[in-house]
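Report on one structure; see the data block that follows.
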Amino acid sequence: MKKTVLIFFLITTLHASDNKKASEIFNFIVKVITKKENSNVYIHTNISSLKVYSGSLRIVADCDKADLVLLSTTKNLPPECNKKILFGSRYSHLKNPNVIGSFFWQKGRPNILFYQKRLKKHNINLDTSFNRYIENK
Amino acid sequence: MLMLFSLSGADGIDSLLQEYETNSELSNKTKDESAGNLIVYTRDDLERMQVESLKDILKSLRLFAYTENRMGQPDILNQDPINYYSSGIRVYLNETELLTGITGSGLILFGDMEMDFIDHVEIYQGFPSFDFGIEPATTVIRLYSKSAEHDEGGRVKVNISTHGANKENIYYTNSENGISYFIYANHTDDKKDTYSHSYTHFDTQLPIPPSLHTETLKRSTETKRFYGSVGTENHTVDLHITQIKGDALLGPILGSIPDNTYKENNYLNLSTNSKFMDSSLIFNLSYTKSEIEYLSEYDIEKSPYPVADANPMVYPITSYNQKVDEDIFTLSLKKQWNLDMHALTLGAQYRYKTFDMSDRTINEVHNPKPKNYDKEQIYSIFIQDLITLNDNSIITLSIMDQEFKRNSNVKNQNTLQLRLGYIYTNEEWVTKTFISSQEFATEPYVLMVNPNLEESNYKSILQEISYKTKQTLSKITLGIGNSENMLIPTSSGIGDSDLKVDLRTAIAEFTYNFSKKDKLELQANYWFIESPVTTADDPTEHISYIVRMLNSVSNFDIFNELVIHTGYTGVDDGYDYSAGIKYRVNKDFHLNIKGENIFNNGLDADYYNQVPNMPAEDKVIIPAIERRFTLGMEYLF
C-alpha cells in the first residue's frame, strides 16, 4: 500500500499518534517519580497506549518486581501491589488513598494531578515543572 | 488553586500535554475531509463560543441563515408558506440519523436542540459523501456526543435567560471492565417574546365585511430529553427520547392568525452500532417512533382558508387539530476494503416508514385525512472508491442509487447520485474539487399535497482552495450549479418548477491564530439563486459576513461574533452581534454570561398570514433569532 504521509484522511494514523503521545506522557511521569531511565512497571489491568508503545518502560508480569504500578482500574488489585507506588489513569482512581496521582481525561481535556501528602508518604519529590499539577491535599 | 488548563508556552510535560490534547480532539478522529466542504466546531470551539443550542451554529452557517417555519420549528431553507423546506439537510447524532417520517430530515425537530451533551460538530456542505446515510443530502450535520473516553464523571448545568427561559441538565459517564456508558437528561423551558400583529381579515367564503384584528403570536416551547448510550469498543446501544411541546406560532393553515396554538412532538429512537472485522464492517440498526400534534384555534369571525382535503368540508373553522403517528426502521450495512491504492466502500441500506395522518379533527369533529398513502420503503446502495494517487493526491468516485416504493396511488421514484472528487494536499496547500449530479426524492409531506411531483435534481461543481501557515488559514470556495424541479408554492398547494434554476456561490474565509487560545475568524459568503417560480422574479442574491473572535485571558474565555446578512427578499438586512464571557472559578465550577443578538437587529423572518389575491396580502415579520441574555453555571463532579 502506498504511503499516505500527507493524506490526512486516514484515521488510523491519528489513533496511532494519539497512543504514542499518551505513552510519552506516562513514560515522562514514571521517570519523574522513580528517577530511573528504565523503570519496571506493572500494569493493572490494561492501558492501551502502553500496550502499543511501551517506550523506555519495562512491563513486568507481577507487582513484586515493579517500581511502580499503573492502574486502569482499582478493582481486584493484587494485595502485593498495595505496597507499591500506585498511579492512576482516571480521576476516580484518586479516591483510593494509596494512589499518589493520576493522568486522566476530564471535561474533554487531559489532566495530571498529584496529592502532596501522598507524595510525601512515599518520599517522592517531583520535578518543579510538575508544581502546577500538585494539589495540597 | 490548581491551573490544570493553562498549558501554553511551557516545555516538558506542559507541551506534551498540549500536543496530546490537540492530537486527541475527537473531531480529528471522526472528520472526513474527502467527504465534502467541511466545517468543524471542536469541543474547544463549542465551549468557548458558549454554544447552547444547534441554532447558535446554524445562524452563522455559510450560505444559509437560521430561520423557522410557520409552526416555529427550525427550517433554515424556509420557503413560506411551504411548511418545511429543509429536507436536504440531514442531521446525525453519532451514527444515527435524526429524522421524522413525513419530513425526511429531522432538522425540524432537532435544529434548535441543546448542545450540552455534544462533544463536537462536523458540517459537510456541497452535496457531501454518500456513505453518511440512506438518502442524499445537500448538507450533512454530524453531532458527536460526549463519551466516557474523555469525560469521565458528571456535570450539572443550569442557565437562566431573558423572559425567564431556563435550562437544566445533567450527564454522567464512566467505563468499567471494557463497558462504557453515558447518560444525559435535560429540561429546557424556552420562553420567548410574544409579538402583536394587527391586520384586516377578509373572509374568503362568507359575505361578511372585513374586520380589524390584533393578535398575539407566541412561540415558546418546553423540551425534555433523555439520551443514554452503553457499549464496548465495537458495539453500542443508544436510546434517545425527546418531548417538545409549546406554542406553534401561526399554525399550519393560512388565512388567519390563531387565538391559540399548541404543538407537541414525542420522539423515541433506539439504535445499535456494531463494528466487525477490525472496524471494516459496520452494521447499524435504528428504530424511531414519533408522534406529532398541531392544534390551532380561531375566533369564529376570522376563520382561516378552507382545508382543501377536508371531508366533509367545514367552514368557518374554529379549531384544527392534526396528529401524525410515525414508525421508521432503518438497517445499514457498510464494508470497506483497502486494496493497494484503493479504499473501496460498499454500502446497502434499507428504510421502512409508516406515517398515519388519519387522526384529524376540524371544529372538534373527526375529519380524517384520506388514508391512501401511509407507507414508504427505501432501498439504497452505494459504492465509493478512494484512490490514493500519490502522497499528495486522492480521487474519490461515488455512485448511489435509491428506490422509493410507496403504497396507494403515489408513484415510486428512483434517484441516482454521482460524485467525483479530487483532493490535493501538501504541507501548506489543500485543494478540493467536487463534481456531482444528484437526484432527490420527494418527501411524504409534499406528496400528500401533490402525489404527482417529480424528483428534483442538482448538478454542481465546487472548488475549494486553502492555504495554511503556522498562524493562518485562508480558504476560498467557488461553486456553480443548476437545479430542476424545485418545489414551489402554487395556487393548489405545491408544485414542481419547470424552470432550470442557476445557482452560484463564492466563499472567502480567513482564520488568524494569535496564539494557542486566541483566534480571529473572518468570512464572506455570496449566494445567488434564480427564482424557481417565474423568470420575471428577481434572483435572490444573499451575502453574509461573519467576524468571530475567541480569546482566553487567565481564567476567562471571551467570545465575540458578528453575523451580517444582506439581500434576503422582503426582509430588512440584519446584523447579529453576540458576545460572552466564561469564568473558570476553579477546575470544577464555571460561570458564564452571554448576550445573543445584543442589539436586536438580527435577520427577520416573514410569514404569510393572508396570501396575495385571497383577497389581500398580509405578512407577519418577526425576528428569526431574538435578543437574549443568559447567565449560567456548570459544576463537574
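A few notes on this one:
- From the list B:Phe132, B:Phe110, B:Phe127, the lone residue that is more than 13 Å from chain A (Cβ to nearest Cβ), touching a Phe, Trp or Tyr at 6+ places or on another chain (Cβ under 8 Å) and closer than 26 Å to B:Thr173 by Cβ is B:Phe132.
- Applying the criterion of being part of a loop (DSSP other than H, G, I, E, B) and in contact with a Phe, Trp or Tyr (Cβ under 9 Å, 6 or more places away or on another chain) to the residues of the stretch B:210-228, the residue that is surrounded by the fewest Cβ atoms within 10 Å (Cβ to Cβ) is B:Pro210.
- Taken across the stretch B:74-83, residues that are more than 30 Å from B:Glu617 (Cβ to Cβ) and within 11 Å of the chain's Cα centre (by Cα) do not occur at all.
- Search result, residues across the stretch B:313-356 that are of a type in the set (Asp, Glu) and farther than 30 Å from B:Asn269 by Cα: B:Asp340
- With respect to the conditions (1) closer than 30 Å to B:Asp401 by Cα; (2) within 25 Å of the chain's Cα centre (by Cα), B:Leu344 falls short on a single one, namely (2).
- Subset of the stretch B:592-637 (residues that are under 28 Å from the mean Cα position of the chain (by Cα), in a strand (DSSP E or B), of a type outside the set (Lys, Arg) and more than 27 Å from B:Phe202 (Cα to Cα)): B:Asn592, B:Ile593, B:Gly595, B:Glu596, B:Phe629, B:Thr630, B:Leu631, B:Gly632, B:Met633, B:Glu634
- Strands (runs of 3 or more DSSP E) wholly inside the stretch A:59-137 that include at least 3 residues being more than 10 Å from chain B (Cβ to nearest Cβ) and surrounded by 18 or more Cβ atoms within 10 Å (Cβ to Cβ): A:68-71, A:85-88, A:99-106
- Test result for B:Ile507, touching a His at 6+ places or on another chain (Cβ under 8 Å), hydrophobic (A, V, I, L, M, F, W, C) and over 22 Å from B:Gln18 (Cβ atoms): no
- Residue-level analysis places B:Asp538 among those that are more than 24 Å from the chain's Cα centre (by Cα), within 28 Å of B:Val501 (Cα to Cα) and not small (Gly, Ala, Ser).
- Just so you know, in the stretch A:26-56 the residues that are crowded, with 20+ Cβ neighbours inside 10 Å and among the β-branched types (Val, Ile, Thr) include one that is modelled with the lowest pLDDT, and it is A:Ile47.
- Each residue in the stretch B:121-172 was checked for being surrounded by fewer than 21 Cβ atoms within 10 Å (Cβ to Cβ) and β-branched (Val, Ile, Thr), and 5 of them qualify.
- Between B:Ser531, B:Ser460, the distinction of being outside any strand (DSSP E or B) and crowded, with 16+ Cβ neighbours inside 10 Å belongs to B:Ser531 only.
- Residue match in the stretch B:305-313 (condition: of a type in the set (A, V, I, L, M, F, W, C), on the phi < 0 side of the Ramachandran plot and either assigned to a strand (DSSP E or B) or without any contact (Cβ under 8 Å) to a residue 40 or more places away in the chain (or both)): yes
- Out of B:Ile118, B:Ile160, B:Ile123, sole residue that is of a type in the set (A, V, I, L, M, F, W, C), modelled with pLDDT of 95 or more and closer than 14 Å to B:Lys55 by Cα: B:Ile118
- You will find that of B:Glu152, B:Glu168, B:Glu222, the residue that is farther than 25 Å from B:Leu109 by Cα and charged (D, E, K, R) is B:Glu152 and no other.
- Complete set of residues in the stretch B:467-489 that are closer than 17 Å to B:Phe440 by Cβ and either of a type in the set (Lys, Arg) or not in a loop (DSSP other than H, G, I, E, B) (or both): B:Gly481, B:Asn482, B:Ser483, B:Glu484, B:Leu487, B:Ile488
- Of the set (1) over 24 Å from B:Phe434 (Cβ atoms); (2) more than 23 Å from the chain's Cα centre (by Cα), all apply to B:Lys500 but (1).
- Of the residues making up the stretch B:105-155, not one is among the polar types (S, T, N, Q), closer than 18 Å to B:Asn78 by Cα and out of contact with any Leu (no Cβ under 9 Å at 6 or more places or on another chain).
- Yes/no for B:Ile134 being farther than 30 Å from B:Gly251 by Cα and part of a loop (DSSP other than H, G, I, E, B): yes
- Screening the stretch B:6-120 for strands (runs of 3 or more DSSP E) wholly inside it with 2 or more residues that are touching a residue at least 60 places away in the same chain (Cβ under 8 Å) returns the ranges B:37-41, B:96-100.
The values are calculated or read from the model by the stated rules, or taken from the named source; none is laboratory data. These numbers were taken from a predicted model, which means no experiment stands behind them. Here the Cβ is made from the backbone with ideal geometry for all residues, glycine too, and neighbour counts use every protein chain on show.
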